[in-house]
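In what follows, a structure is listed as structure tokens, so that the remarks can point back to it.
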Amino acid sequence: MAAHLKKRVYEEYSKVIQIPPEEAPQKKLRLSKPSKSAALHIDLCKASGSTEALQYLLQFARKSVEADSVEGVIRILLEHYYKETDNSVRLKIVSLLGLLSKTKGFSPDCIVDDVKNTTTTQRLIEMACKHLADTYFGVRNKCLEVLGHLGTVDSPLSRDGEAHPSLSGLRDVQSVISDYFGDQEPRVRTAAIKAMLQLHERGMKINQIIYEQACRLLSDDYEQVRSAAVQMVWVLSQLYPESIVPIPSSNEEVRLVDDSFGKISHMVNDGSWMVRVQAAKTLGSMLQVSHYFLEQTLDKKLMSDLRRKRTAHERAKELYASGEFSSGRKWADDAPKERLDTNAVNLIASGACGAFVHGLEDEMYEVRIAAVEALSLLAQSSPSFAEKCLDFLVDMFNDEIEEVRLQSIHVLREISTNIILREDQLDTVLAVLEDKSRDIREALHELICYTNVSNKECVQLALLELLKNLNKYPTDRNSVWKCLKFLGSRHPTLVLPLVPELLSTHPYFDTPEPDMDDPAYIAVLVLVFNAAQACPTMSSLFSDHTFRHYAYLRDSLSHLVPALRLAGRGVELVGSAAGPGSVESAQVFLQDSLNRTNTIHSLEAPGSQDLLDFTIRDLQRLGELQTELAGAADFCATYLRCQLLLMKALQEKFWNMAVPLCLKQNVMATAAARQILEETYKLEFVYSGLERRQVATVHHVRLQARALQLVLTARTRKGLEPLVSSCDKFLQEVDSFQRQFLTELPHFQESFVGKLLELMPRLSSCKTVELIKILQSTLRQSSMLPLTLPQQLHRATATIIEPTGESDNPLKFTTGLVVALDIDATLEHVQDPQSRVKVQVLYPDGQAHVITPKPGDFRKPGPDRHRLITQVYLSHSAWTDPGHVEVSLLLAYSSSTSSKPSWADSTDSLPPPEGAIEGTIPFSKSVKVLIMPKPARR
Amino acid sequence: RENFCSSITAEPAMIDVGRSCILVSIGGKNIMLDCGMHMGFNDDRRFPDFSYITQNGRLTEFLDCVIISHFHLDHCGALPYMSEMVGYDGPIYMTHPTKAICPILLEDFRKITVDKKGETNFFTSQMIKDCMKKVVPLNLHQTVQVDEELEIKAYYAGHVLGAAMVQIKVGSESVVYTGDYNMTPDRHLGAAWIDKCRPDLLISESTYATTIRDSKRCRERDFLKKVHETVERGGKVLIPVFALGRAQELCILLETFWERMNLKAPIYFSTGMTEKANHYYKLFITWTNQKIRKTFVQRNMFEFKHIKPFDRSYADNPGPMVVFATPGMLHAGQSLQIFKKWAGNEKNMVIMPGYCVQGTIGHKILNGQRKLELEGRSTVEKFFYLKSLYLEVKLQVEYMSFSAHADAKGIMQLIRMAEPRNMLLVHGEAVKMEFLKGKIEQEFNCYMPANGETTTVTTNPNVPVDISLNLLKREMSLGGTLPDPKKPRTMHGTLIMKENSLRLVSPEQAMKELGLSEHHLRFTCRVQLQDPHSDADTLHRIYMHLKSVLKGYTTQHLPDSMSVMVESIVVKVSSSTEDPNTKVLLLSWSYQDEDLGSFLSTLLKKGLPSVLC
């Protein structure tokens, strides 16, 4: 907006003023003292001449203005601007305005509004109109741009039409702009369309009249014109989808959106790939288009012009069926057959026919990706189209660029709710399972998780191919199992007839018991058990060892094997998962437990410690049982643990004792304080979905911990100097807390901070010793802060899938060189993993290396889920024996990112006290890897 | 002026995929487009009949240049014959890859004909070399000035490496010759592209005039699936290909598939010359498609990992394998040998990836013939199949159209891109071309000449004229606003044609230059009028009348000369000698005022109104 304003201003005045070369450099405007505006006003009023005023302005420009006073200053400047007669002063004011509008935290809208209210806009429009006839294209371009930015459709130029008959007269901006659609200069044509689009973006209603003109521009000679025209036609099709447009050369009519769809489809064959990309993308957003137009995009052969298709739909179908054009797939089927009514077939304007077929086999992969995306969008809105486009998407699995293959697999997954795969389609889909690329395979597994298949042969086929995949790429184990889990639970009835075959049971004979460690057997069992969950009769087909294996798998792979009700069997296998209402009841339970703890007001109350202990235990168990609530339960438990630690540390008796008598206690309290601090960082950064309120609560606990630390240091150490500085720091923290959570402060009335803030004026002036005293008493008097739970709370977790840590073969390498260790991990609920997740390698000698993976190593297979596949390089000096290194994932945090000061870089105020705090939280189990650096052979 | 096109051969009634050679006369220039040979003949008929062009006399005098679109023999096979044996010394234009690969193919062709078949009177290796010395290489989109008036420009055509479409331009007339082209990009080449050059004539091939192919992905998928299945079954796959072009495409396809799927079965490629050609494929990366261009830094796609050279003994190896063998139509050579070995086993498969000419074994088996009669004349065949004259075909026969020719839709697409005024179809089967022609003719003129037939296309060439600045300025001041290219405007001037130059100048200047004096043309006319007044009164009445009728004009009454002036038209009144009541009006006007003059005369013939205001 600022640039915009500046430009407009220059356009008006550049004719008269030579811009002085020593124009004020762009300055950062900073805070200093308020009430700048008043001083400036006085200065400017005092100024007797223009030079003097200029002097004042120059002086003013050297100073800085704070955000809240900018508006006042601007008002003053504008006022003077209108009063001022001298051009140079006015220029200076305008340039100042431009600078001021860049001040952070100030929205320049008010200046623009102000300028708008004046006649400037009107004058600019007049000027633009006048110069539209200029012979130089650049002038016409800019004029159109101005019109696009300023023109209004509602108040036509007719207002001054009487006054200036030389102007375009009684016409509105739109028709003036649309005149230039036919300009001889392509750049002007482009500018005209852009201006029209700009009008549309500003919320002006574009009239439908220009539709025909816009369509004509689609066949312009210049690519930028065509590209802009595609946008224009699209905009119109969105504005007037239902209006009826006549078809030239016939008396039929179609809906505008259909017509434009056909025309844009045509652009997929354009000569310029930029236009093709644009057209393909645009097609995806035309959801109102009718079915038969949509379906034409997938059929190259329907050569009859689409306008004919509406009434002669049947005939066109015959034409297709008669095989007029051969497909090139069969030998000798291209002999021409009966000649059809050629009038019905218009080859060149073949409309939407095969737009996607062309788009999907385009040379440029950008176009192909755009086409795949468009297909996805259209298919999601139309199930029948989804069905149709399936074959084409499946074909894309064979693209030469991996990105395109991956994208099409993802797209198929997205639309797979709408479709059921036929056997032959499934076959082609599954063929990709042999792909070498891990990403492709995994995307495909993901896809199979979501697909519906039509019959039991399909299930069998899928299982077979997955087992083949497992055999070929054993590393896919987890992913294949997961895939089978969903396959089973989606198609229980289809799995049922397969069970005897799958488990190789026999009605009369006992078959040998399969090997329990065979991943393929586990895969089959996962499929069967998941199907059995919804199909109770299935369990009667199981043989004895199947039940035993079930019990084993239920324990070892509980995330893959559901709980089954297997009554009347030797094994007691009634699952612990309750009925469907369990999530709600767990929620209620969680809330109840929290409420219970909230009743603890005083930390000293009898039984409160026990209550906390029990609640923490309950919550932990709840988290294990209810995965949906694990995050919330964990969060509460951790918070309560902090409170409990605090409570214990502040126990009555040892505070009353003399320091030397309770050394042990003291040590314990110090440890507690440190632990609380650590936990608060976890609370703040590991959980996602926290609201401001919770963050404030966590910070509050942290302050308490700091206070505790302070008190403890005061008790142990005699020296006051270190204490003084840490006290200062503490006070700063309190201060920043206040500023940061200004809105939340009412909730903290009764709390530790609340009390401190009441005493704040006193605190900042009093002596250190006194401060410590106050802190101690406040700490002990303060009550526990009740915790409210946010809607969604998730704990960031990471699981390292690879290395598994099971291998006994050490990774051998020569010292001084490096060895690459493949790491594969899934991350859940981690925001911005690219910058936050690190890999830590801990060597036996205590060396720890933190490695930041490349951003490209993170993949996003699903919402809130990331996958890290990376390599870390290990190196060490020679060892005599193989030893373990520990690999774990860390979550880096820095408080400055989360607690931004509300106002920007100011040197006058205190630096953000927590800005320096950065650290890492381990959030995955560490995995041990055996390595063996060998001495280099000489 | 007119364009003159003809395709020349010995048999005047058929155009087919056999051979291309087109002669274009445009603006007085004669250009030969392609110089191909027919694969089906072994005698004189395989080369174009050049005596047709020259009658007698040298080709060099008649032809301004020769343009070769790509290296396939049916487009360049007769080149050494023409340049060295018939005799042509003018420039031959072709793209860099064509120039590099063409001699390899010609040499191979020569070897087969001369060394194997023992023909004489054929061009020699030295002739090929000499011929190549006459070649001027072309770059894409580079405008080459052949002489002062003739310029040519090459566009990318897909089809094979280095294939080009050529725009030939003389003055404002232009012809685009497509050669063979492909509008669907494939695994190693991009799609043909041309700008909106609006040529007067587009000469397009029409091999697949009646085909609209399925998406190429279907074909690829089917192909890979079939190969994969056969290999998994333990069968052998034979893919007869021409050495260059499709072979590379299919190699890349299989190579990437093998790579992706981690397959182990061997793939072989027969024929020695491919290695040389492959070398050029590796070099001309800029002529390939986006994917290869972008990835060649990491790995050149033409450096195959899984594809190894074939040795004849491998054909008997057990286990699955895939073999690419030449030639593509199974009419001779290695592909036929292998085919004979494998034909008996139903586990095996032969995939015909392209077009087969009638009469070849490829054509026969594609048409479902399961029993083949073998000629068995060559020594190799005798050795293996002495006993059986008939060959039972048990293996599966598949056809996949991998030909890199544009299909009907592709041809249409190119037409839409180039927006030609006329269309000429060549290089296809007559029946099919007829069909496509019927379709195209709805939009504009389309020609389809038979062999040896001449087609004439009339054009409306622009004639550039120099205009004097003064005249232009004068028109500007009269006309006002910007010139609108879409609306024609009339202007007055004199066209001087002098010494091959055309100039438009103002009439006065033309007079002066030519030393002519100006002549004035005046029309006079007598009108008799019944009016019982004196001459002076009549004149006044006429003046009043005209003044009331002609409002916008200056009408003057000149009583002293007894006349009325309307603009430059003079009206005089005199009494008739016989009857004083009959007045004779004398009207006189100059040529410029013809309109007004004739209007006045008709007006006055009607007589004066009785009441004048």
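Two numbers describe the Cα atoms of region A:715-874: Rg and Dmax, which are 24.4, 66 Å.
Counting residues in region B:496-569 as N, plug N into 2.2 N^0.38 Å and put the Cα Rg over that result. Write down the numbers at each step before the final one.
Details: Rg = 20.4 Å, N = 74, 2.2 N^0.38 = 11.3 Å.
With N residues counted in region B:496-569, Rg over 2.2 N^0.38 Å equals 1.81.
Summary value for chain B: 13 percent relative contact order, contacts being C-alpha pairs under 8 angstrom separated by 6+ residues.
Take each residue of peptide A:356-363, count the partner chain Cβ atoms within 10 Å of its Cβ, and average: the result is 6. Modelled spin-label separation between B:GLU392 and A:GLU584, with each label point placed 7 Å from Cα along the Cα-to-Cβ direction: 7.5 nm. Compute the signed sum of charges (Lys and Arg +1, Asp and Glu -1) over the other residues within less than 14 Å, Cβ to Cβ, of B:TYR553. Result for the local shell: -1. Computed extension gain for A:VAL769 through A:ASN452, at 0.36 nm per residue and net of the alpha carbon distance, reaches 106.9 nm.
Apply 1/(1 + (r/R0)^6) to the Cβ-Cβ distance of B:LEU596 and B:GLU508, taking R0 = 25 Å, and write down the FRET efficiency to the nearest 0.05.
On the way: r = 23 Å, r/R0 = 0.92.
E(calc), rounded to 0.05, equals 0.65.
Given R₀ = 60 Å, FRET efficiency for A:ASP864-A:PHE137 by Cβ-Cβ distance, to 0.05? Write out the running numbers ahead of the final one.
Working: r = 52 Å, r/R0 = 0.86.
Taking R0 as 60 Å, the efficiency between A:ASP864 and A:PHE137 is 0.70.
Along region B:304-321 the Karplus relation, 6.51 cos²θ - 1.76 cosθ + 1.60 evaluated at θ = phi - 60°, assigns HN-Hα couplings of 6, 8, 9, 9, 10, x, 9, 10, 4, 5, 5, 4, 8, 4, x, x, x, 6 Hz to successive residues, with x for each Gly and Pro. Normalised radius of gyration (Cα atoms, divided by 2.2 N^0.38 Å) for region B:248-336: 1.16.
Residues B:MET562, A:MET196, B:MET165, B:MET544, ranked from the fewest to the most other C-beta atoms within 10 Å, line up as B:MET562, B:MET544, B:MET165, A:MET196.
Fewest to most neighbouring Cβ within 10 Å: what's the order for A:SER381, A:SER585, A:SER265?
On the way: A:SER381 16, A:SER585 12, A:SER265 29.
By the 10 Å Cβ count, ascending, the order reads A:SER585, A:SER381, A:SER265.
Quick one, could you list the DSSP H helices from chain B stretching 18 Å or more along their long axis (Cα atoms) with average Kyte-Doolittle hydropathy of -0.5 or above? Within chain B the helices that satisfy the rule are B:96-110, B:246-261, B:535-549. Between the C-alpha center of region A:512-552 and that of region B:127-154 there is a gap of 75 Å.
Counting Cβ atoms of other protein chains within 10 Å of each residue's Cβ and taking the mean over peptide B:218-230 gives 3.
By the count of neighbouring beta-carbon atoms within 10 Å, fewest first, A:MET204, B:MET511 end up ordered B:MET511, A:MET204.
Rounded to 0.05, the FRET efficiency of the A:GLU212 and B:GLU499 pair, given R0 = 41 Å and the Cβ-Cβ distance, is 0.25.
Evaluating 6.51 cos²θ - 1.76 cosθ + 1.60 at θ = phi - 60° for every residue in region A:833-845, the Karplus couplings come out as x, 4, 9, 9, 8, 10, 10, 10, 10, 10, 8, x, 7 Hz, glycine and proline recorded as x.
Each value in this text was obtained by applying a stated rule to the coordinates, not by laboratory testing. What you see is a predicted model, and the numbers here were worked out from it, not measured in a lab. Reconstructed Cβ throughout: ideal geometry from the backbone, glycine too, with neighbour counts over all protein chains shown.
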